Amino acid sequence: MSQAKRLRLDNRKKEQVPELRINQEIRVREVRLVGDNVPNSQGIFPIAAALRMAQDLELDLVEISPNAEPPVCKIIDYQKYLYLQRKKAKEMKANAAKVVIKEVRFGPNTDEHDYLFKLKHAQSFLQEGAKVKSYVFFKGRSIMRPEQGEKLLLRFAVDLEEYGKAEQLPKLEGKRMIMMIAPLAKKK
């Protein structure tokens, strides 16, 4: 692996957790100490005394809030703190809602049986919690009658009212008339 590529990877890792000043990097006269590892009482201490306390506990003095007056610091294990921050960020990313979009395609002259077949699939998609992107694809001269596609999509939305709600009215984009349907919020 080239050195430039390694540097880019290292920079990506640093972007995840904000850099905090620790130990000798903190350049102020006094700091406000907070947290569980402060032996006496929490309060304002000269930087030398705060560093000594951190050394006695074999931990790091970490500047948590540099903009406060005086800056707020904690006595903690910095590597463990970084590990927990990364772990928390990873969990939040994993728990983020992922929107699944399923597509249902119609022609402007879709038969009744095909329509009902696709309606049944859309109902199951909405029950699973996925959004449904329904569209009518116009081929050749069928684009001359966009009202047929609009009528079909509006009927589709009305038939799916108990499973989902139309996010927008049908709109024509090129040779497609598109409508999005979102699932209804599940009642607990």
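The values are calculated or read from the model by the stated rules, or taken from the named source; none is laboratory data. This one's a predicted model, so the numbers in the text were calculated from it and none came from an experiment. As a convention, Cβ positions derive from the backbone with ideal geometry for all residues, glycine included, and neighbour counts pool all protein chains shown.
Scanning the range 134-152 for residues that are small (Gly, Ala, Ser) and either loosely packed, with under 14 Cβ neighbours inside 10 Å or in a helix (DSSP H, G or I) (or both) gives Gly140, Ser142, Gly149.
Scanning the range 158-176 for residues that are outside any loop (DSSP other than H, G, I, E, B) and more than 15 Å from Lys118 (Cβ to Cβ) returns Lys165, Ala166, Lys171, Leu172, Glu173, Arg176.
When Arg105, Arg155 are checked against the criterion of being outside the structural domain of Ile22 (by TED's automatic domain parsing) and either under 30 Å from Leu59 (Cβ atoms) or assigned to a strand (DSSP E or B) (or both), Arg105 stands alone in meeting it. It is to be established whether one or more residues within the range 129-136 are closer than 14 Å to Arg105 by Cα and over 27 Å from the mean Cα position of the chain (by Cα). There is at least one residue in the range 129-136 that is closer than 14 Å to Arg105 by Cα and over 27 Å from the mean Cα position of the chain (by Cα). Look at Glu25 and say whether it is at pLDDT below 85, surrounded by 10 or more Cβ atoms within 10 Å (Cβ to Cβ) and among the charged types (D, E, K, R). Yes.
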